[in-house]
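Have a look at the structure below, then the notes.
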Amino acid sequence: MTGEPVNVNEFRELARQALPKMYYDFYTGGAEDQCTLKENEEAFRRIIIQPRILRNVRCIDLSTTVLGYNISMPVMIAPTSLQKLANPEGEIATARAASSCNTIMVLSTSSTYSLEEVAACCDAIRFFQLYVYKRRDISAKLVQRAENNGYKAIVLTVDSPRLGRREADVKNKLVVPPLKNLEGLLPTKFVSDEKGSGLAALASGTLDASFCWEDITWLKSITNLPILIKGVLTREDAIKALEVGVDGMIVSNHGGRQLDYSPATISVLEEVVDAVGGKVPVLVDGGIRRGTDIFKALALGAQAVLVGRAVVYGLAAKGEKGVNRVLEMLKEELELTMALSGCCSVKEISRSHVRTKHDQQLRSML
């Protein structure tokens with residue numbers, strides 16, 4: 001590719017050129033047939049934006065708040081594991097870019113820098129993503145370390161009692177580098193076998209498949225931090241999450257990497273938002289590649305979106321500068337979309353600004 005990238009998909013191509021095939025496949029791949037992976041993006045394309053004309057849009061304000069923290073735009077960095085595979089500076093570079101862009105970074109438990117190292121590198125607002133392990137004391141220690149190092153929330157991933165079958169990683173026999181957050185707590189080197197990748201071996205040997213709704217009470221008892229659960233896809237689970245007292249929800253299918261043929265996140269976002277009824281913030285990730293995608297998610301009720309693969313593409317292509325550019329690119333695209341749609345602030349983006357396939361079906365019945 002010649003010239004500087006002008007959109008996220010061009011950053012993806014630069015990442016492909018920069019990375020070994022094993023690592024590129026790890027970041028871009030999904031579970032089994034990759035239907036959900038593809039549908040995450042395709043579902044956005046079926047949503048139509050309905051602009052308002054003749055509005056004064058000379059000044060556009062993209063700022064918003066999440067759990068009371070002010071950020072420059074409704075775009076956060078999703079927890080993405082093993083970032084040193086993309087660039088030697090890994091999560092350090094990503095955190096610094098988050099700080100420069102005044103947004104929130106969610107650090108993965110499976111990071112290649114420790115949560116202490118990331119906390120010390122800059123003043124970014126940081127949340128910590130948590131897996132619950134068979135040994136609950138390990139999860140408790142991670143939560144305590146996050147709280148002691150200034151992380152502002154716990155993001156509990158709830159869609160991974162087992163790891164989804166990511167066939168590219170199986171074929172490539174993915175090698176997992178040492179996970180810094182788990183040093184001294186668990187074996188940090190797992191070797192793949194003929195049945196799976198090193199990451200699958202790590203998950204099957206450590207994750208607690210018995211963790212359930214009742215255990216949220218345990219998690220709340222060991223921290224004063226707000227808890228968001230990541231992996232909600234249905235109205236029923238949204239209602240249950242409210243009942244157990246979570247502080248926020250992330251509509252997520254793990255980037256299409258867990259259960260294939262689960263729904264695209266944007267297609268179920270409104271169902272979750274309606275069930276929550278404004279009681280806690282609802283965020284969404286999955287398939288977000290354009291400012292128009294962010295606009296559509298906000299119109300359907302998300303308070304903000306999280307981007308993961310797009311950030312990794314920038315990191316692989318150009319390090320910290322690449323992450324900065326990806327975030328700024330999405331911000332610029334969202335600002336343009338808002339202006340062309342007649343919205344001066346994110347608060348003005350409403351349900352009436354989009355038409356979904358369901359809306360179109362209803363209209364055809366009238």
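How would His353, His358 line up by accessible area, probe 1.4 Å, largest first?
Result, largest first: His358, His353.
List the residues, sorted by chain then number, that are 5 or more residues from Tyr133 or on another chain and whose placed amide H is less than 5 Å from its amide H.
So Tyr133 has HN proximity to Ser139, Asp208.
Just how large is the dipole of segment 1-112 about the Cα centre, in debye to the nearest 20, putting +1 at every Lys and Arg Cβ and -1 at every Asp and Glu Cβ?
So the dipole magnitude of segment 1-112 works out to roughly 420 debye.
Please give the charge dipole size of the chain, origin at the Cα centre, charges +1 on K and R Cβ atoms and -1 on D and E Cβ atoms. Round to the nearest 20 debye.
Charge dipole, the chain, about its Cα centre: 300 debye, nearest 20.
Rounded to whole Å, give me the distance from the Cα center of segment 237-287 to that of segment 10-27.
29 Å
Tell me the relative contact order for segment 161-312 as a rounded percent, counting alpha carbon contacts under 8 Å between residues six or more apart.
In percent, rounded to a whole number, it is 17.
What relative contact order, as a whole-number percentage, does segment 8-365 give when Cα pairs under 8 Å and 6 or more residues apart are counted?
Over segment 8-365, the number comes to 27 percent.
Give me the Kirkwood hydrodynamic radius of segment 85-239, using the inverse of the mean 1/r over all pairs of distinct Cα atoms, in Å to one decimal.
So the Kirkwood estimate lands at 16.5 Å.
Looking at segment 264-343 from every direction and averaging, what is the projected area of its Cα convex hull in nm²?
Mean orientational projected area (segment 264-343, Cα hull): 5.6 nm².
Among the aspartates and glutamates, which fall within straight-line cross-link reach of Lys134, defined as a Cα-Cα distance under 19 Å, with same-chain neighbours fewer than 8 residues apart omitted?
Asp159, Glu183, Asp208, Glu214, Asp215
Karplus couplings for segment 343-356 from phi (6.51 cos²θ - 1.76 cosθ + 1.60, θ = phi - 60°), rounded to Hz, Gly and Pro as x?
In residue order, the calculated couplings are 10, 8, 8, 5, 5, 7, 6, 10, 4, 6, 7, 9, 10, 8 Hz.
Using +1 at the C-beta of Lys and Arg and -1 at the C-beta of Asp and Glu, which of Val307, Ser352, Ser110 has the Cα lying farthest in the positive direction of the dipole of segment 8-365?
Comparing the listed Cα positions along the dipole, Ser352 ranks first.
Please list the helices of the chain that count as membrane-span-like by this rule: a mean Kyte-Doolittle hydropathy of at least 0.0 together with Cα atoms stretching 20 Å or more along the helix axis, each helix being a complete DSSP H run.
309-341
Note down the Stokes-Einstein diffusion coefficient of the chain in µm²/s, whole number, using a Kirkwood radius over alpha carbon pairs, 25 °C, and 0.890 mPa s.
So the translational diffusion coefficient is about 118 µm²/s.
Given the pairs Lys21/Lys84; Lys279/Lys347; Lys38/Lys347; Lys240/Lys279, which span a C-alpha to C-alpha distance of over 20 angstrom in this model?
Exceeds cut-off: Lys38/Lys347.
If you take the alpha carbon radius of gyration of segment 314-355 and divide it by 2.2 N^0.38 Å, what ratio comes out, to two decimals?
It is 1.51.
Quick one: ranking Arg166, Arg16 by accessible area, 1.4 Å probe, largest first, what do you get?
Arg16, Arg166
Viscosity 0.692 mPa s, temperature 37 °C: what is the translational diffusion coefficient of segment 50-117 from Stokes-Einstein with a Kirkwood Rh over Cα pairs, rounded to a whole number of µm²/s?
The estimated diffusion coefficient comes to 235 µm²/s.
Using modelled amide H (1.01 Å from N, peptide plane; none on Pro or chain starts), what sits under 5 Å from the amide H of Ala153, excluding residues fewer than 5 places away?
Phe128
The values are calculated or read from the model by the stated rules, or taken from the named source; none is laboratory data. Quantities reported herein were computed from a predicted structural model and do not represent experimental measurements. Neighbour counts run over all protein chains shown; Cβ positions are idealised from the backbone, glycine included. These area figures cover heavy atoms from the full protein model, side chains too; ligands, DNA and RNA do not enter into them. Shrake-Rupley method; radii C 1.70, N 1.55, O 1.52, S 1.80 Å.
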